[in-house]
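All of the numbers you see were taken from the coordinates with simple rules; none came from a lab. Everything numeric in this text was worked out from a predicted model, so none of it was measured. Neighbour counts run over all protein chains shown; Cβ positions are idealised from the backbone, glycine included.
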Amino acid sequence: MVEERITETRTPDGNTHTTHTVVSDRAGSGGGAKWVLVVLLLVAVVAGVVFFSQASDAEIAKDNAIAGAAEDVGNAASQVGDAAQQAGEAAQDAVQQ
């Protein structure tokens, strides 16, 4: 409900002052501030998802690099083992002759 109050005041000199007052018992909506907060929250959530997905991609890339390095080390160890076996066979052949 909205009520308008008009108050007239007269000074001893005869001047008249009028004051208009509007009284409302309805609460303000504050809708603009709510939408701004909702949009800011949505932006923060999207930024968090992007950040964590990029961090996850970096973690996967790191894990793949470690797996590749481990495979390379395994291949090198196999080559060393083959070379040692060939050297052993060559030594055994030299002793038998």
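Tabulated data
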item: Inter-label distance for Ala76 and Trp35, nm, one decimal - labels placed 7 Å from Cα along Cα-to-Cβ; result: 6.3 nm
item: Modelled FRET efficiency - R0 35 Å, Ala84 with Val50, Cβ distances, 0.05 increments; result: 0.10
item: Most positive-pole-ward Cα, Pro12, Val23, Ala70, against dipole of the chain from beta carbon charges; result: Pro12
item: All Cα pairs of the range 30-77, percent lying beyond 14 Å; result: 69 percent
item: Fully extended contour minus Cα-Cα distance, from His20 to Thr7, at 0.36 nm per residue; result: 4.0 nm
item: Phi-based couplings in Hz for the range 42-58 (Karplus 6.51, -1.76, 1.60; Gly and Pro marked x); result: 5, 4, 5, 5, 4, 4, x, 5, 5, 4, 5, 5, 5, 5, 5, 4, 5
item: Cα-centred dipole magnitude for the range 13-76, charges only on beta-carbon of K, R (+1) and D, E (-1), debye, nearest 20; result: 400 debye
item: Relative pair counts by distance (%), Cα atoms of the chain, 5 Å bins; result: 2, 9, 6, 6, 6, 5, 6, 5, 5, 5, 4, 4, 4, 4, 4, 3, 3, 3, 3, 2, 2, 2, 2, 2, 1, 1, 1, 0, 0
